[in-house]
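What follows is a single structure, written as structure tokens, with notes after it.
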Amino acid sequence: MIFEEFTNNDLLSQKLTRSILGKGITHAYIFEGDYQTDKMTYALAFVQAILCDNRPGYGCHQCLPCQKIEHGNHEDIFITQTTDKGNTKDEEIYRLQEHVSRKPYAGDRNIAVIRDADSMTKKAQNRLLKTLEEPPAGAVIILLSNNTENLESTILSRSLIYRVNPYHEPGTGDNGEDIRKMVRMLLVGEPFYKIKKELTNYGNSRENALRFLDGIQTAYRNLLLQHEEDSKLYKNADISRIVRTIEEARRDIKSGVNPMYSLKNMVLKIGG
Ligand SMILES: [Zn+2]
């Protein structure tokens, strides 16, 4: 996937495009996002935008670097592996260091992606820190994290940290636009029968309902953080209450309550 194909992350993609075109790429990024968000696919879209020959800053699917990235065989990209127990060990970061120190095969960049960066052992984090302190020329290291609280503050302070929002694969229908529409309907107080009609797209399965909750929770969080134009229309206290209500619905669904029932109940509470 290339940047334009991701819903719900437009601002971040635009920012990264600008940094590539303006030669402002830095050596360490942390992409943080909840565990259901596939941050690897987003990170690889960023890498494509960096290495693309045809459309630098965006990616194209067609040039040799883009093709190699999509086929998982680009020589200048290293992706760490976790152990059977799910840890990222010191040895793996040692391999990463070797990768970013050598001369790139093509172009002038060596790229490394650390999957589940939260799982790095303390020793691995200390080793990585040395590379972040004195990064080899052209190195770009991308850490994927569910929760940056698990990372050493010295690593955080040497990285640019970006939030990747939940997105939907192209063609699945329930995209960020639909979710924003729903949030707006709730916020302006549309009558329940109208909202209920929209809900049927999400209440049909547990998985869809949870994905929907992630989406609206992100939308409300953005409002709370004043990232969205609509922010000024709502009081922070209201939004905090709504976010709690969304969390309750998630707990209910996870504990086996019927998803459609949980969503309807949540909408009534938000409206009330
Ligand atoms: Zn390309």
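Please treat every number below as a calculation from the coordinates, not as lab data. Because the structure is a prediction, the values reported are computed rather than measured. Neighbour counts run over all protein chains shown; Cβ positions are idealised from the backbone, glycine included.
Remarks
- Interchain or long-range residues, amide H under 5 Å from ARG163's placed H: GLU32
- Annotation: amide H-H contacts under 5 Å for ALA28 (H modelled 1.01 Å from N, sequence separation of 5 or more, or interchain): ILE141, LEU160.
- Cleavage-rule hits (trypsin sites (Lys or Arg not before Pro)) in the stretch 63-101: DSSP loop, at most 13 neighbouring Cβ within 10 angstrom: LYS85
- Near GLY203, no amide H atom lies under 5 Å from its own; only residues 5 or more places off or on other chains count, and H is placed 1.01 Å from N.
- In order along the stretch 13-23, phi translates into HN-Hα couplings of 4, 5, 4, 5, 4, 4, 5, 5, 5, x, 6 Hz, rounded to whole numbers, per the Karplus curve 6.51 cos²θ - 1.76 cosθ + 1.60 with θ = phi - 60° and x for Gly and Pro.
- Tensor-based shape of the stretch 3-163 (alpha-carbon gyration tensor, a/c under 1.5 rounded, otherwise prolate or oblate): prolate
- Each 5 Å bin from zero up to the one holding the largest Cα-Cα distance in the chain carries the following percent of pairs: 1, 5, 12, 15, 16, 14, 12, 10, 8, 5, 2, 1, 0.
- Nearest 10 degrees, 0 to 90: helix 39-51 Cα axis against the chain principal axis: 50 degrees
- FRET efficiency estimate (nearest 0.05) - Cβ-Cβ, GLU149 to TYR94, R0 25 angstrom: 0.50
- Report summary: the helix-based calculation at 222 nm, which adds -39500 (n - 2.57) for every DSSP H run with n ≥ 4 and divides by the residues of the chain, gives -15000 deg cm²/dmol.
- Taking 28 Å as the limit for the C-alpha separation, the pairs LYS85/LYS254; LYS15/LYS196; LYS15/LYS85; LYS39/LYS254; LYS15/LYS181 exceed it in the case of LYS15/LYS196; LYS15/LYS85.
- Chymotrypsin sites (Phe, Trp or Tyr not before Pro) lying in DSSP loop within the stretch 1-96, provided at most 12 other Cβ fall within 10 Å: TYR35
- Charge dipole magnitude, Cβ of K and R +1, D and E -1 - the chain, Cα centre, debye nearest 20: 600 debye
- Angle of helix 259-271 to the longest C-alpha principal axis of the chain, folded into 0 to 90 degrees and rounded to 10: 70°.
- Here HIS71 and ARG102 are evaluated by their C-beta separation; at R0 = 25 Å the FRET efficiency comes out at 0.70.
- Among the GluC sites (Glu not before Pro) in the stretch 65-105, those placed in a DSSP loop whose Cβ has at most 12 other Cβ atoms within 10 Å are GLU75.
- The modelled label-to-label distance for the pair GLU248/LEU21, using points 7 Å beyond Cα in the direction of Cβ, is 4.6 nm.
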